[in-house]
Amino acid sequence: MVSFKSFLTATTLASAVLAIPHNGHSHKHRSTHVASKRSSGSKRGAAYNSASTVHTLSSGASGNGTVSWAYDWNMYVDGSLPSNVEYVPMLWGSKMFTGWLAAIEVALASGSSYILGFNEPDASYQASMTPSEAATSYKNYITPYSGKAKLVTPAVTSSTTEGEGLSWMKSFLSDCSSCEMSVLAVHWYGTTADEFKSFVQEAMQVADDYGLEETWVTEFALTSDMSAGGDTTSGADFLDEVLPWLDSQSGVGRYAYFMCADGYLLSGEELSASGKSYVA
Ligand code: BGC
């Protein structure tokens, strides 16, 4: 459903104004401090469906481009990741509540030090939950692991419609003030590096206002690059500009470009133009 999503997100962005005033909330979330097992200092991650693609992306990576973590919108690795890549499980939404308790124990036992919350609960075509429903489910399914991993909020879209995006996130953070989260997660699809940076800055401000330690951008892409298979110079140029910026932001903990798959960061068994920039 990728093209549907990118179309929707691009449409929303194009018709919206980016500036959302932050409201000065200062709820402080208690957070646990669990040592991260990530094996390199890299913030870069792989959002994948097939673990073999992460091996392709990782081979040829060096320095900041080293992929240190990966997630598959799921609670199982489903295959094996390169040994220096930390798997981060996600509780995608209500369709995964059955099976979660067994799956999360396996992920934690194999070294995952973070847990990702619901996927785009602010979107009807993704996890689709109200902030208060999400808070209740978060407390039931994820908060109990706060002593074993750092907890990441649900990941919201970059929609600027009231009740979606960071607006949804603020309601959720108010409703989930006892949820023990320490990381804010957002997604972004759009058309320019400047838009991207101002969205991430807004997200970091929300994280700060609600006492969260860091912000993760767990999906992002230039919409034109997605529709062109990751092989555009504009996608590569976009990454060349925003990756050093993300790396320099102390409030940004981790990020993952959409996505580690053929037609995106990969072109068949090779790196696409964007893929080359991503792991450089
Ligand atoms: C979906 C995931 C899917 C991913 C990659 C996301 O929008 O929520 O279930 O794995 O896209 O295709």
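The values are calculated or read from the model by the stated rules, or taken from the named source; none is laboratory data. What you are looking at is a predicted structure, and each value in this text was computed from that prediction instead of being measured. Virtual Cβ from ideal backbone geometry, glycine too; neighbours counted across all protein chains shown.
From S112, S83, S132, which residue is among the small types (G, A, S), away from the ligand (no atom under 14 Å from the Cβ), farther than 17 Å from L184 by Cβ and surrounded by 21 or more Cβ atoms within 10 Å (Cβ to Cβ)? Outline the logic, then answer.
Numbers: S83 fails: surrounded by 21 or more Cβ atoms within 10 Å (Cβ to Cβ); S132 fails: surrounded by 21 or more Cβ atoms within 10 Å (Cβ to Cβ).
So the residue among S112, S83, S132 that is among the small types (G, A, S), away from the ligand (no atom under 14 Å from the Cβ), farther than 17 Å from L184 by Cβ and surrounded by 21 or more Cβ atoms within 10 Å (Cβ to Cβ) is S112.
So which of V279, V217 is under 18 Å from V88 (Cβ atoms) and among the β-branched types (V, I, T)? Full working, then the answer.
Values: V279 fails: under 18 Å from V88 (Cβ atoms).
V217 is the lone residue from the list that is under 18 Å from V88 (Cβ atoms) and among the β-branched types (V, I, T).
Return only the number of the condition from (1) charged (D, E, K, R); (2) outside any loop (DSSP other than H, G, I, E, B); (3) over 21 Å from A207 (Cα atoms) that E133 does not satisfy.
Looking at each condition in turn, E133 falls short on (3).
Please enumerate the residues belonging to segment 232-258 that are under 16 Å from E219 (Cα atoms), touching a helix residue (DSSP H, G or I) at 6+ places or on another chain (Cβ under 6 Å) and in a loop (DSSP other than H, G, I, E, B).
Of everything in segment 232-258, just one residue is under 16 Å from E219 (Cα atoms), touching a helix residue (DSSP H, G or I) at 6+ places or on another chain (Cβ under 6 Å) and in a loop (DSSP other than H, G, I, E, B), namely Y257.
Could you give me the residue pairs with C-beta distances under 8 Å whose first residue belongs to segment 92-107 and is farther than 12 Å from Y141 by Cβ, whose second residue is in a helix (DSSP H, G or I) and at pLDDT 95 or above wherever it lies, and which are 6+ apart or on separate chains?
Pairs found: none.
Might you check whether a residue that is in a loop (DSSP other than H, G, I, E, B), among the aromatic types (F, W, Y) and in contact with a Gly (Cβ under 6 Å, 6 or more places away or on another chain) occurs anywhere in segment 113-130? Can you show your working first?
Within segment 113-130, the subset in a loop (DSSP other than H, G, I, E, B) is 113, 117-118, 120-130.
Okay, now just the ones that are also among the aromatic types (F, W, Y), so 118, 125.
Retained after the next criterion (residues that are in contact with a Gly (Cβ under 6 Å, 6 or more places away or on another chain)): 118.
Yes, because at least one residue in segment 113-130 is in a loop (DSSP other than H, G, I, E, B), among the aromatic types (F, W, Y) and in contact with a Gly (Cβ under 6 Å, 6 or more places away or on another chain).
State yes or no: is A127 in contact with a Ser or Thr (Cβ under 9 Å, 6 or more places away or on another chain) and either within 15 Å of the ligand (Cβ to nearest atom) or at pLDDT 95 or above (or both)? Let's see the steps before the verdict.
Details: in contact with a Ser or Thr (Cβ under 9 Å, 6 or more places away or on another chain): yes; either within 15 Å of the ligand (Cβ to nearest atom) or at pLDDT 95 or above (or both): yes.
The answer is yes for A127.
Can you tell me which of (1) within 16 Å of the ligand (Cβ to nearest atom); (2) out of contact with any strand residue (DSSP E or B) (no Cβ under 6 Å at 6 or more places or on another chain) is the one F118 doesn't meet?
F118 satisfies every listed condition except (2).
How many residues does segment 139-150 contain that are touching a Ser or Thr at 6+ places or on another chain (Cβ under 8 Å) and of a type outside the set (S, T, N, Q)?
Adding up the residues that qualify gives 4.
Among the residues of segment 92-109, write down those that are within 13 Å of the ligand (Cβ to nearest atom) and of a type in the set (A, V, I, L, M).
Matches in segment 92-109: M96 only.
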